[in-house]
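The values are calculated or read from the model by the stated rules, or taken from the named source; none is laboratory data. Just so it is clear, the model here is predicted, and its values are computed rather than measured. Counting neighbours? That spans all protein chains shown, and the Cβs are built from the backbone with ideal geometry, glycine included. Please note that ligands, DNA and RNA were not included when accessible areas were found on the heavy atoms of the full protein model with its side chains. Shrake-Rupley method; radii C 1.70, N 1.55, O 1.52, S 1.80 Å.
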Amino acid sequence: MTTTEMVLDFLRQQGFCPEIDQNNNIVFKSEMKTFLFINNDSDEEFFQLALPGIFDVTEENHDLVLEACNKVNFNIKVAKVCLWDDTVWVFFENILDQTPDVSTIIPRALGILKHAQQSFYEAIQ
């Protein structure tokens, strides 16, 4: 079973109602936020979960956004906050072992993503 299949099964079992997008990624909602599990079936050991579009980037706030991203990236393990198409995205990235237990990884990843989002909002103030 691929990591994507394991993630899809876990999310369905937990009642998240996941959907597959046009890029074969898994999209689901948790606590009114939309998350994206990025399909990396060509690299089964790479786990990537994203919280997309948490903040709009403009010419006026670009430098402040970069500073806030840098601060969060420095302070939170396995979270990566970056600019993507004029918005800020938060990524949880990790390398899996040969027998990953997504039932423990996903809840922790969601918590880290939410914490990183809140930390970004605090840093941007």
With the requirement that a residue be at pLDDT 95 or above, open to solvent by 30 Å² or more (accessible area, probe 1.4 Å) and in contact with a strand residue (DSSP E or B) (Cβ under 9 Å, 6 or more places away or on another chain), what does region 95-111 give you? I105, R108
Are there any pairs, at least 6 apart or on different chains, whose C-beta atoms fall under 8 Å, with the first in region 50-68 and on the phi > 0 side of the Ramachandran plot and the second of a type outside the set (V, I, T), and if so, which? G53/W89
Can you tell me which residue among K114, K71, K80 is of a type in the set (K, R) and in contact with a Ser or Thr (Cβ under 8 Å, 6 or more places away or on another chain)? K71
Checklist (1) modelled with pLDDT under 95; (2) more than 19 Å from K114 (Cα to Cα) applied to E19, failing item: (1)
Inside region 31-44, can you point out the residues that are under 16 Å from the mean Cα position of the chain (by Cα) and either modelled with pLDDT under 95 or open to solvent by 100 Å² or more (accessible area, probe 1.4 Å) (or both)? E31, M32, N39, N40
Enumerate the pairs (first residue in region 102-114 and of a type outside the set (S, T, N, Q); second residue anywhere and part of a helix (DSSP H, G or I)) with beta-carbon separation below 8 Å, excluding pairs fewer than 6 apart on the same chain, so at least 6 apart or on different chains. V102/T3; V102/M6; V102/V7; V102/F10; I106/V7; I106/F10; I106/L11
When you go through F16, F47, F28, F37 one by one, which is the residue that is in contact (Cβ under 8 Å) with a residue 60 or more places away in the chain and touching a helix residue (DSSP H, G or I) at 6+ places or on another chain (Cβ under 9 Å)? F47
Residue that is least open to solvent (accessible area, probe 1.4 Å), among those in region 45-59 that are farther than 16 Å from A109 by Cα and under 16 Å from the mean Cα position of the chain (by Cα): I54
